[in-house]
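Worksheet: one structure, shown below.
The values are calculated or read from the model by the stated rules, or taken from the named source; none is laboratory data. Given the structure is predicted, the values throughout are model-derived calculations rather than measurements. As a convention, Cβ positions derive from the backbone with ideal geometry for all residues, glycine included, and neighbour counts pool all protein chains shown. For the accessible areas, the whole protein counts, side chains as well, though only heavy atoms, and no ligand, DNA or RNA atoms are used. Shrake-Rupley method; radii C 1.70, N 1.55, O 1.52, S 1.80 Å.
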Amino acid sequence: MILKVGKWEVESKTFIRLERHKAFPKLILHEKFEGKVKWTLRIFTLIGIGTSLVSLAPLSSLFISIALVLIELFLEKILFEYTVFILPPFTDFEIEYNQWLTNGYLFPVPGEKNNFEQCIHFGPAYNSKVYAIKFFSYLKSWNQGNLEDTENNICLSFVLEDNNSYSTYLYANPKRKWLDTVFHQYREEMKHENYGKAQQSLVMQMIYWKNLALHETSLFSKFLQDQPQNGKFYFLPFYIVNEQPIPILELKITKYEYQIKHRKDLTKNDVEYYHR
């Protein structure tokens, strides 16, 4: 369920959820509810004391006592979570969404020497060379500026749409390894202050996308045909001159994977699922 908080939409499971631990269900709550749970336990304790002072039939008294004990045991086993939220750096320039015009491709020709190392080159094509350099330099920061993305820190994905088009998505990998290091470091620093609580690890994601028509002569079809999903290719920016994409070769990054799915096949585990 989605909760609306001001201008933000928040998944309710980040605050409360029920999970099975061994044979018994376990309630997991955000620490913001910790005070309310403590007061609820105190109220049930007072109810238990009050019922002991009231004359009830033995069977009714037994059932009430059992129910109160079970409720208290359930509440006492609640696992509280605290939130660590990582906010990646924003761009130091204004995002111009109309700059991304299309996608650019370079395909090697078999047998020709010095032909791009026989690897396909692919990337977004922008209206301005200056903007292309700025934006792609920002994308490279997701890979700590490295020229080879062996851990898929920069995610490239394609979604086939129902209207004979496809969408290209670019976003930082939410499972990139250096995030685990940061979360672990914070967990160690706060282990005494948050004793007995679990860490809820959240990351803010910037997602960039472009929808393009898919026609018979589209180079995208050739890209899918010639480039395996798990194979080496170069990812780099292009800029448009006289309606032709020109590559900026000095900014290329070596990549080894991309993802492609039809819109109907996306699941809640896919980042692209939440973009309609």
| request: Starting from residues that are aliphatic (A, V, I, L, M) and modelled with pLDDT of 85 or more, keep the ones in the range 103-124 and report whichever is surrounded by the fewest Cβ atoms within 10 Å (Cβ to Cβ). | output: I120
| Near pairs, Cβ below 6 angstrom, 6+ apart or cross-chain, from the range 82-107 (in contact (Cβ under 8 Å) with a residue 12 or more places away in the chain) to any residue that is open to solvent by 40 Å² or more (accessible area, probe 1.4 Å) and assigned to a helix (DSSP H, G or I) | Y82/E31; V84/Y186; F93/K134; Y105/L219; L106/F116
| note | Scanning the range 163-173 for residues that are open to solvent by less than 90 Å² (accessible area, probe 1.4 Å) and over 22 Å from V203 (Cα atoms) gives S165, Y166, S167
| request: Go through the range 83-102 and give me each residue that's more than 16 Å from K129 (Cβ to Cβ) and either at pLDDT below 90 or not charged (D, E, K, R) (or both). | output: T83, V84, F85, I86, L87, P88, P89, F90, T91, D92, I95, Y97
| task | Confirm whether E161 is of a type outside the set (V, I, T), touching a Lys or Arg at 6+ places or on another chain (Cβ under 7 Å) and over 18 Å from I95 (Cβ atoms). | result | yes
| field | Residues of the range 142-162 satisfying the condition of being open to solvent by 60 Å² or more (accessible area, probe 1.4 Å) and not acidic (D, E) | value | Q144, N146, L147, T150
| note | (1) assigned to a helix (DSSP H, G or I); (2) loosely packed, with under 13 Cβ neighbours inside 10 Å; (3) within 19 Å of the chain's Cα centre (by Cα); (4) modelled with pLDDT of 90 or more all hold for T267 apart from (1)
| note | Sole miss for V54 among (1) modelled with pLDDT of 70 or more; (2) outside any helix (DSSP H, G or I) is condition (1)
| Options Q185, Q199; residue that is open to solvent by 80 Å² or more (accessible area, probe 1.4 Å) and either part of a strand (DSSP E or B) or free of Cβ contacts under 8 Å to residues at least 60 places away in the same chain (or both) | Q185
| message | Looking at R176 and the list (1) open to solvent by 20 Å² or more (accessible area, probe 1.4 Å); (2) closer than 25 Å to Q227 by Cα; (3) at pLDDT below 90, which single condition is not satisfied? | response | (1)
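Residue by residue through the range 139-184, note down the ones that are polar (S, T, N, Q) and farther than 22 Å from Y273 by Cβ.
Hits for the range 139-184 are S141, N143, Q144, N146, T150, T181.
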| said: Can you confirm whether E216 is at positive phi, at pLDDT below 95, open to solvent by 80 Å² or more (accessible area, probe 1.4 Å) and out of contact with any Phe, Trp or Tyr (no Cβ under 6 Å at 6 or more places or on another chain)? | reply: no
